[in-house]
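S.K.: Can you keep this structure in mind? I'll have questions shortly.
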Amino acid sequence: MRRYSAFAIAREAARHHRGWERAWASPEPRKRYDVVIVGAGGHGLATAYWLGKNHGITDVAVIEKGWLGGGNTGRNTTIIRSNYLQDPSAAIYEKARSLYETMSQDLNMNVMFSPRGVIMLAQTEHEVRGYRRTAMANAQQGVATEFISPARVKELVPIISLDGPRYPVLGGLWQARGGTARHDAVAWAYARACSAMGMHIIQKCEVTGVTSENGQVTGVETSRGHIGCGKLGMVVAGHAGQLAEMAGFRLPIEAVALQALVSEPIKPCMDVVVMANTVHGYMSQSDKGEMVIGGGTDGFNNFTQRGSFHHIEETVRALVETFPMISRLKMLRQWGGIVDMTGDRSPIISATPLGGCYVNCGWGTGGFKAIPGSGWAMAELMAKGDSPLARAFSLSRFREGRFIDESVAAGVAH
Ligand SMILES: Cc1cc2nc3c(=O)[nH]c(=O)nc-3n(C[C@H](O)[C@H](O)[C@H](O)COP(=O)(O)OP(=O)(O)OC[C@H]3O[C@@H](n4cnc5c(N)ncnc54)[C@H](O)[C@@H]3O)c2cc1C
């Protein structure tokens, strides 16, 4: 794989950009691999990458029914932060956030990580107490956050209205090194790095069944034939329940549509990410100038990858209260993704009742930020059978009642 560099850009400019190689190969599937990962979203690709990079396992295929990054990874609003309350969550999200800091250099592709800072607004006394508590917990966990005053919020976000018609801004939880990254680029960068290690990324190949012998996984049935494997990783977000059913077990997970929208582009007016959990909406400005707006989840289970008008109305109403100037913006487009929600709003990274079969899911509305850390933990679990970062997120917590309650941190879709 040729490295991307300033020199390469100059060289290609001089020869009319005829020398660029394809970023990743599209091989025919082989009959068998040591490891098969189902799902070429960020988490699946990151798992494959760290299997190769940290554990030297490169006989890996990543199988994707659509196109890589075409699931939630390419549909999210790209907020990255690690200000969670519980220790296991702070550990894995902070690991991920710190890996984002150097991802462009590590993977030799610009993922446009922009640590512009994230504010979670406190608009009720309850939220003030909750965020002060999180800031205290984060201080113990080594995650740099602080509770800031309304005056500081206004300084950071001049377009905000502190005296909303329903809820005044009473302060905010501020993470200065939180931010955003370009979502497709994250998937592309991992895919390119995996392909360079000789792994196979097989797109347009749907997994339709899981085969096993004596309680041990032996492979997957796909729309392109049977593919054997020694170990199987199921990393399919909102479709985790269906994959689990194919493998013969059930997951405590629900699938719901989550949606987002963007406005027409305008001049730079907001250089941080703002989340308003009480009125329920969040917003950041993309490099193109569009306001990127996140809404809520549907109140019922479904697999429709699209938006709905009542959500647009609710979300935009909430944000107009918070940023009155956006009432004059036209919205350009909306879309949806199918997210995978657990009861405690924490992910599952776990071995399963089927030997050799592992699952990574349950990131719900907030897994983009976790991609590098989640892949790191899942790869370690698959390679060694245990991972300190993943331990608390095993399936056994639902049997044993060891919930990792992050319903406040995940209170708004992000
Ligand atoms: C509108 C929206 C906004 C969001 N905003 C944020 C945010 O701001 N910050 C944040 O941290 N998170 C956010 N999220 C959540 C985040 O996008 C997800 O948690 C994350 O992308 C999940 O990644 P993944 O790799 O697990 O899943 P995906 O990217 O969905 O990848 C799973 C892949 O599996 C494939 N697949 C499924 N079934 C099969 C099969 N049978 N055979 C083969 N392949 C299969 C799918 O096609 C898909 O490509 C948002 C999500 C949405 C929908």
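What follows is calculated from the coordinates using simple rules that are stated; it is not laboratory data. On a predicted model such as this, the values are computed, not experimentally measured, just so you know. Neighbour counts are summed over all protein chains in view; Cβ atoms, including those assigned to glycine, are modelled from backbone coordinates with ideal geometry.
S.K.: Which of (1) more than 16 Å from the ligand (Cβ to nearest atom); (2) assigned to a helix (DSSP H, G or I); (3) closer than 24 Å to Tyr4 by Cα is the odd one out, the single condition His43 does not satisfy?
M.R.: Evaluating His43 over (1) more than 16 Å from the ligand (Cβ to nearest atom); (2) assigned to a helix (DSSP H, G or I); (3) closer than 24 Å to Tyr4 by Cα leaves (1) as the failure.
S.K.: Being away from the ligand (no atom under 16 Å from the Cβ) and β-branched (Val, Ile, Thr) narrows it down to one of Val128, Val186, so name that one. Before you say what the answer is, go through the steps one by one.
M.R.: Details: Val186 fails: away from the ligand (no atom under 16 Å from the Cβ).
Only one candidate qualifies: Val128.
Conditions tested, residue by residue: (1) farther than 20 Å from Gly52 by Cα; (2) surrounded by fewer than 21 Cβ atoms within 10 Å (Cβ to Cβ).
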{"residue": "Thr315", "(1), (2)": "yes, no"}
{"residue": "Lys369", "(1), (2)": "yes, no"}
{"residue": "Gly375", "(1), (2)": "no, no"}
{"residue": "Ala383", "(1), (2)": "no, yes"}
{"residue": "Phe393", "(1), (2)": "yes, no"}
{"residue": "Arg399", "(1), (2)": "yes, yes"}
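S.K.: Tell me, which residue of segment 278-303 that is more than 19 Å from the chain's Cα centre (by Cα) and within 15 Å of the ligand (Cβ to nearest atom) is nearest to Gly366 (Cα to Cα)? Can you show your working first?
M.R.: Here is the first cut: in segment 278-303, the ones more than 19 Å from the chain's Cα centre (by Cα) are 278-280, 287-291, 299-302.
Now restrict to residues that are within 15 Å of the ligand (Cβ to nearest atom): 280, 290-291, 301-302.
Values: His280: 15, Glu290: 21, Met291: 19, Asn301: 18, Asn302: 18 Å.
My answer is His280.
S.K.: Does Glu406 satisfy being over 14 Å from Ile253 (Cα atoms) and either among the polar types (S, T, N, Q) or part of a helix (DSSP H, G or I) (or both)? Steps first, answer last, please.
M.R.: Numbers: over 14 Å from Ile253 (Cα atoms): yes; either among the polar types (S, T, N, Q) or part of a helix (DSSP H, G or I) (or both): no.
Answer is no for this residue.
S.K.: Please go through segment 203-239 and pick out each residue that is of a type in the set (Gly, Ala, Ser), within 14 Å of the ligand (Cβ to nearest atom) and under 19 Å from Asp59 (Cβ atoms).
M.R.: Those that are of a type in the set (Gly, Ala, Ser), within 14 Å of the ligand (Cβ to nearest atom) and under 19 Å from Asp59 (Cβ atoms): Gly219, Gly225, Gly233.
S.K.: Among the numbered criteria (1) in contact with an Asp or Glu (Cβ under 9 Å, 6 or more places away or on another chain); (2) of a type outside the set (Gly, Ala, Ser); (3) in a helix (DSSP H, G or I), which one does Leu121 miss?
M.R.: The single condition Leu121 does not satisfy is (3).
S.K.: Mind checking whether some residue in segment 230-252 is in contact with a Phe, Trp or Tyr (Cβ under 6 Å, 6 or more places away or on another chain), among the hydrophobic types (A, V, I, L, M, F, W, C) and buried (at least 20 other Cβ atoms within 10 Å of the Cβ)? Write out each step before concluding.
M.R.: Looking only at segment 230-252, we keep the residues that are in contact with a Phe, Trp or Tyr (Cβ under 6 Å, 6 or more places away or on another chain), and these are 233, 252.
With among the hydrophobic types (A, V, I, L, M, F, W, C) added as a condition, the list becomes none.
The answer is no; no qualifying residue exists.
S.K.: Further question: Name the single residue that is surrounded by the most Cβ atoms within 10 Å (Cβ to Cβ) among those in segment 52-69 being at negative phi, under 19 Å from the mean Cα position of the chain (by Cα) and more than 6 Å from the ligand (Cβ to nearest atom).
M.R.: So in segment 52-69, the residues at negative phi come out as 52-55, 57-68.
Still in the running and under 19 Å from the mean Cα position of the chain (by Cα): 62-68.
Narrowing further to those that are more than 6 Å from the ligand (Cβ to nearest atom): 62, 67-68.
Values: Val62: 31, Trp67: 12, Leu68: 25.
Among them, the one singled out is Val62.
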